[in-house]
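Worksheet: one structure, shown below.
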Amino acid sequence: MTRSRSMPADAEAVFDVVSDLDNLTTWLPGSVEVELSGPNLIKLWLPRRTGDLEVERRIDIDWDRLRIRWGSETNSSCSGSLRVLRLAPGRSAVSVTLSGPPGTARSTVSAWIEESLEALELVIATERRNGGMVHQVARC
């Protein structure tokens with residue numbers, strides 16, 4: 001499932017937020033728990049009717065393409081990607097593709113994506129208003 005949303009900031013500033021693995025909880029759904037479990041490795045607890053599902057996924061951050069991918073080589077569930085697209089000065093878009101855990105309704109996965117994009121847009125707008133996105137630093 002794929003969803004996109006426009007963001008009120010430059011693509012690089014938005015990517016700074018989404019690639020900050022220490023602060024994923026600021027924009028991921030409140031029902032999803034997440035923690036770092038190693039370099040470029042996150043552990044997620046996803047809510048299900050039969051109890052939370054614990055998954056660990058490797059994160060690949062590509063600064064040149066402003067893309068993040070997560071997944072497992074042996075399991076395609078709970079995998080996906082996020083890409084930030086340049087639209088215009090001060091405007092970008094975020095596109096998220098996500099496959100949920102087996103047995104998870106498409107409507108639940110869609111709701112997770114929508115909730116994340118709404119929260120991300122709020123974080124971006126708040127940081128921009130507070131002057132947190134005035135930097136345009138080139139990544140090495």
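Worth a mention:
- Residue-level accessible surface for V109, protein heavy atoms, 1.4 Å, Å²: 10 Å²
- For E115, the solvent-accessible surface computed with a 1.4 Å probe is close to 80 Å², ligands and nucleic acids excluded.
- Nearest-ten-degree value, helix 106-129 long axis tilted from longest Cα axis of the chain: 30 degrees
- With all protein chains kept in place, the per residue accessible area of the chain amounts to 57 square angstrom at a probe of 1.4 angstrom.
- Residue-averaged 222 nm ellipticity for the chain, from DSSP H runs of 4+ at -39500 (n - 2.57), nearest 500: -7500 deg cm²/dmol
- Sites E35 and R106, calculated FRET efficiency, Cβ-Cβ separation with R0 30 Å, nearest 0.05: 0.65
- Using alpha carbons only: equivalent-ellipsoid semi-axes of the chain, gyration tensor based, whole Å: 26, 16, 14
- Hz values of 3J(HN,Hα) by residue in segment 89-95 - Karplus curve (6.51, -1.76, 1.60), Gly and Pro given as x: x, x, 9, 8, 9, 10, 10
- Mean separation of Cα contacts under 8 Å (6+ apart) over length of the chain, as relative contact order %: 32 percent
- Annotation for R86 and E56: the two label points, set 7 Å from Cα along the Cα-Cβ direction, are 3.8 nm apart.
- Fraction of accessible area attributable to carbon and sulfur, segment 1-97 (%, probe 1.4 Å): 45 percent
- Heavy atoms of W63 accessible to a 1.4 Å probe, total area in Å² rounded to 10: 80 Å²
- Dipole size of the chain about its Cα centre, with +1 on Lys/Arg Cβ and -1 on Asp/Glu Cβ: approximately 460 debye, rounded to the nearest 20.
The values are calculated or read from the model by the stated rules, or taken from the named source; none is laboratory data. What you see is a predicted model; the values in this text were computed from it and never measured. Positions of Cβ are generated from backbone atoms using ideal geometry, with glycine treated the same way; all protein chains shown enter the neighbour counts. Surface areas here come from the heavy atoms of the whole protein model, side chains and all, with no ligands, DNA or RNA. Shrake-Rupley method; radii C 1.70, N 1.55, O 1.52, S 1.80 Å.
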